[in-house]
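Okay, structure first, notes after.
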There are 2 protein chains.
Amino acid sequence: MTDWIAVDLQPGLARGWSMRGDSVLDRAQLAAPLTPVTAAAAAPLLAGLRAALPGDAARPLLICGLAVAPQAVPAKPADLVPLPLPLPDAGALALPALSQTSPPGLMPGAAARIAGFFALNPRWDGVICLPGPLTHWVQVSAEEVVSFQSFLSGTLATALATAPLLHEALADQGWAEQAFAEALDTTLSRPERLAAGLAALQADHALGRLAAGTAPARLSGLLTGAELAAARPYWLGQQVALLGEPADTRPYAAALERQGVPCLRADPARMALAGLTAAWRRQSAAGRAPG
Amino acid sequence: MTDWIAVDLQPGLARGWSMRGDSVLDRAQLAAPLTPVTAAAAAPLLAGLRAALPGDAARPLLICGLAVAPQAVPAKPADLVPLPLPLPDAGALALPALSQTSPPGLMPGAAARIAGFFALNPRWDGVICLPGPLTHWVQVSAEEVVSFQSFLSGTLATALATAPLLHEALADQGWAEQAFAEALDTTLSRPERLAAGLAALQADHALGRLAAGTAPARLSGLLTGAELAAARPYWLGQQVALLGEPADTRPYAAALERQGVPCLRADPARMALAGLTAAWRRQSAAGRAPG
């Protein structure tokens, strides 16, 4: 069994697993820049993961999460072929990103997660949602990505939390479920009310009328409701698999469950590792893997 | 004629005018914090303006732009009575803010601007829009503020320009009118597409498909279109007076003119000074002014 390193790069976090075939020997993680990870920006992260994981310094790396070699959808994530990266690190292979022309879309890390999800849930039928700073709703059919729609709601939430007019109100760490639900219903039925709902939140704060725990929940509800209104064809009458970090996934799960939509939550790191492992196995079987 | 100082405080900028009755003797301006200006935060700005404007160090100040003593609408800006501020600066009087219960709203600096606008445009009939980090659409009737609706679109634009996923695309300083118009039409007809339109902008950037000058114009068009969709009852079939700084006003003017709405642009500092001067004159006539 060849030793290799599985790498999941995403804005903010780089995860590495030291592998022997399908088995995890060791794991490591590093903080990464919040910007999208380019091949050049990946180099120090890859060196850092190599250093953090004991073993042969020259073993190959298989990476997901880079915006490289975009393959247009429809595409079957399990069929994607890893490509060598133009880096000094000669052993670095990357899974291609998925792209779409209309509407314009790019998913650097989704292919491995979706391939891993299907490896662990064969023949699952429904819609896959990958929540994050950039959330992707993915229509799949027979384990193929047919089309997707991305939303920047998570980035909006983070950006607003530091905006001068709102950051004081949003420093509150509480979470009032009722405030979330009311805000969600507002923009789910009238998504054009988003910017007005945010202004009302600011006014309530300035007038001293905000109850504890309501501001972050209201912000999240307003953003999630507007997104769900626009993504309705993706979830209405469907079951949804949510592949995201818990903090990113929570508002989607709460909102979808309120609409009676059955949700399955899957750990995105585990899905990425399963997808990378399956790609590594295919690569080795085809005799394409270095080493 | 008594000497006094007119002060216009807004997030980011404090303006002062040294006055003799209705006449401007001198002017000064200071950078201010971007957060809403509270009475306590105002103290150093007021001291700074006093120091920058030559004249009697004890002359009274009349201030607009503070979130103090909110008066619920409907209210006639020209009837508002300046109130003493709880500050060590004994000569400081402030015009009350305007507030609304439903939807929640607070306009710290609008009353003076609107009073000044009517002082200079008596019996003008239409809707007043005050663009800024927080934009207010104000329904007026017989020079009275009947109701208003606020939007946080300007704050969203600023926050997104520094968001990790978008700041590189938005560092572009160009302005492509066609890109603005297309983005405007997208969200004006389907405001729920805002977060998806932002994600498409991010994807076009990541895929290297953005033409120069299009990113900032697209962002502005998406945000302005969504706001105009929600504010439609305020501008449809109306004439609109835009009282804002040129950079804040430009997208509103371009968007409204594309919809065939006649727009009047008025300098917000000049309106504030006119409103403060009228209030000072009433105050003096009533024998309420200090000095």
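The values are calculated or read from the model by the stated rules, or taken from the named source; none is laboratory data. These figures come from a predicted structure and were not determined experimentally. Cβ placement follows ideal geometry from the backbone for every residue including glycine, while neighbour counts extend to all protein chains displayed.
Within the stretch B:80-91, restricting attention to residues that are under 20 Å from B:Ala115 (Cα atoms) and not β-branched (Val, Ile, Thr), which residue is surrounded by the most Cβ atoms within 10 Å (Cβ to Cβ)? Here the answer is B:Pro82.
Report whether or not B:Ala199 is within 30 Å of A:Gln71 (Cα to Cα), within 13 Å of chain A (Cβ to nearest Cβ) and at pLDDT 90 or above. Yes, satisfied.
Every residue in the stretch A:139-183 that is assigned to a helix (DSSP H, G or I), within 14 Å of another protein chain (Cβ to nearest Cβ) and modelled with pLDDT of 95 or more, please.
The answer is A:Ala179, A:Glu182, A:Ala183.
Of the candidates A:Leu276, A:Leu256, the single residue that is in a helix (DSSP H, G or I), buried (at least 22 other Cβ atoms within 10 Å of the Cβ) and more than 14 Å from chain B (Cβ to nearest Cβ) is A:Leu276.
Within the stretch A:186-212, the residues that satisfy the criterion of being assigned to a helix (DSSP H, G or I) and charged (D, E, K, R) are A:Glu192, A:Arg193, A:Asp204. Of the residues making up the stretch B:10-23, just one is modelled with pLDDT under 95 and either touching a Cys at 6+ places or on another chain (Cβ under 7 Å) or buried (at least 22 other Cβ atoms within 10 Å of the Cβ) (or both), namely B:Gln10.
Criterion applied to A:Leu223, A:Leu236 was being buried (at least 22 other Cβ atoms within 10 Å of the Cβ) and under 18 Å from A:Thr135 (Cα atoms), and the one residue passing it is A:Leu223. If only residues of the stretch A:233-249 that are out of contact with any strand residue (DSSP E or B) (no Cβ under 9 Å at 6 or more places or on another chain) and at pLDDT 95 or above are counted, the one that is nearest to B:Gly197 (Cα to Cα) is A:Leu236.
Among residues of the stretch A:210-236 being touching a residue at least 12 places away in the same chain (Cβ under 8 Å) and of a type in the set (D, E, K, R), the one that is nearest to A:Trp175 (Cα to Cα) is A:Arg218. For the stretch B:158-189, a tally of residues being of a type in the set (S, T, N, Q) and surrounded by 17 or more Cβ atoms within 10 Å (Cβ to Cβ) returns 2.
Of all residues in the stretch B:113-157, those satisfying the criterion of being in contact with a Pro (Cβ under 7 Å, 6 or more places away or on another chain) and buried (at least 16 other Cβ atoms within 10 Å of the Cβ) are B:Arg113, B:Ile114, B:Ala115, B:Pro133, B:Glu144, B:Val145, B:Gln149, B:Gly154, B:Thr155. Here A:Arg232 passes the criteria (1) more than 8 Å from chain B (Cβ to nearest Cβ); (2) under 24 Å from B:Trp137 (Cα atoms); (3) within 22 Å of the chain's Cα centre (by Cα) except the one numbered (2). Checked against (1) at pLDDT below 95; (2) crowded, with 16+ Cβ neighbours inside 10 Å; (3) not in a loop (DSSP other than H, G, I, E, B), B:Val37 meets all criteria but (3).
Given the conditions (1) under 27 Å from B:Ala272 (Cα atoms); (2) surrounded by fewer than 24 Cβ atoms within 10 Å (Cβ to Cβ); (3) away from chain A (no Cβ under 14 Å), report the number of the one that B:Leu243 does not fulfil. Of (1) under 27 Å from B:Ala272 (Cα atoms); (2) surrounded by fewer than 24 Cβ atoms within 10 Å (Cβ to Cβ); (3) away from chain A (no Cβ under 14 Å), only one is false for B:Leu243: (2).
Residue check: A:Arg27 meets all listed conditions (1) over 18 Å from the mean Cα position of the chain (by Cα); (2) within 14 Å of chain B (Cβ to nearest Cβ); (3) farther than 22 Å from A:Val145 by Cβ but one, namely (2). Among the residues making up the stretch B:70-111, those that are outside any strand (DSSP E or B), within 14 Å of chain A (Cβ to nearest Cβ) and either of a type in the set (S, T, N, Q) or within 15 Å of the chain's Cα centre (by Cα) (or both) are B:Ala97, B:Thr101, B:Ser102, B:Pro108, B:Gly109, B:Ala110. Looking only at the stretch A:47-102, residues that are of a type in the set (A, V, I, L, M), touching a strand residue (DSSP E or B) at 6+ places or on another chain (Cβ under 7 Å) and within 23 Å of B:Leu207 (Cβ to Cβ) come to 17 in all.
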